[in-house]
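The structure under discussion appears below in the form of structure tokens.
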Amino acid sequence: MIMAPSNKNLRTCSNGHQYYKSSDCPTCPVCEQERKPQSGFLSLLSAPARRALENNGITNLEQLSGFSEREILKLHGMGPASLPKLREVLKEKGLSFKNRAE
Ligand SMILES: [Zn+2]
């Protein structure tokens, strides 16, 4: 029998996953994992970088190409390491960042 850690609370998310969390963070780890895209440019990014784009409504490359590199870098969670990946996937689709500095 597995004893639950006494300092954590058993929670059930809206999808029925049960998990223990000691903090007030409402994020269900199972849902968070399932939310990760298996393909597409968002799957190439780290979770914070992916959320930075999603939180700004950027979920496809056409939307991404409407932003400049400077604007993307300013997004909370986006790091410089993600830019070369984004640049590359845009290029594969014949797209580029807006006002891209050469
Ligand atoms: Zn869940």
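Look at Gln38 and say whether it is away from the ligand (no atom under 16 Å from the Cβ) and either farther than 15 Å from Phe97 by Cβ or open to solvent by 40 Å² or more (accessible area, probe 1.4 Å) (or both).
Yes; evaluated as a whole, the condition is true for this residue.
So which residues in the range 61-78 are surrounded by 13 or more Cβ atoms within 10 Å (Cβ to Cβ), of a type outside the set (D, E, K, R) and on the phi < 0 side of the Ramachandran plot, if there are any at all?
Once the filter is applied, which keeps residues that are surrounded by 13 or more Cβ atoms within 10 Å (Cβ to Cβ), of a type outside the set (D, E, K, R) and on the phi < 0 side of the Ramachandran plot, the range 61-78 yields Leu61, Leu64, Ser65, Phe67, Ser68, Ile72, Leu73, Leu75, Met78.
Restricting attention to the range 8-28, which residues are at pLDDT below 85 and either surrounded by 10 or more Cβ atoms within 10 Å (Cβ to Cβ) or of a type in the set (Val, Ile, Thr) (or both)?
Across the range 8-28, the qualifying residues are Lys8, Asn9, Lys21, Thr27.
It is to be established whether one or more residues within the range 89-99 are touching a residue at least 24 places away in the same chain (Cβ under 8 Å), surrounded by fewer than 13 Cβ atoms within 10 Å (Cβ to Cβ) and touching a helix residue (DSSP H, G or I) at 6+ places or on another chain (Cβ under 9 Å).
yes
Could you please find all residues in the range 16-26 being within 9 Å of the ligand (Cβ to nearest atom) and either of a type in the set (Val, Ile, Thr) or on the phi < 0 side of the Ramachandran plot (or both)?
The answer is His17, Gln18, Tyr19.
The values are calculated or read from the model by the stated rules, or taken from the named source; none is laboratory data. Given the structure is predicted, the values throughout are model-derived calculations rather than measurements. Heads up, the Cβs are rebuilt from the backbone with ideal geometry, glycines too, and the neighbour counts pull from every protein chain shown. Protein only, heavy atoms only, side chains kept; ligands, DNA and RNA dropped before computing areas. Shrake-Rupley method; radii C 1.70, N 1.55, O 1.52, S 1.80 Å.
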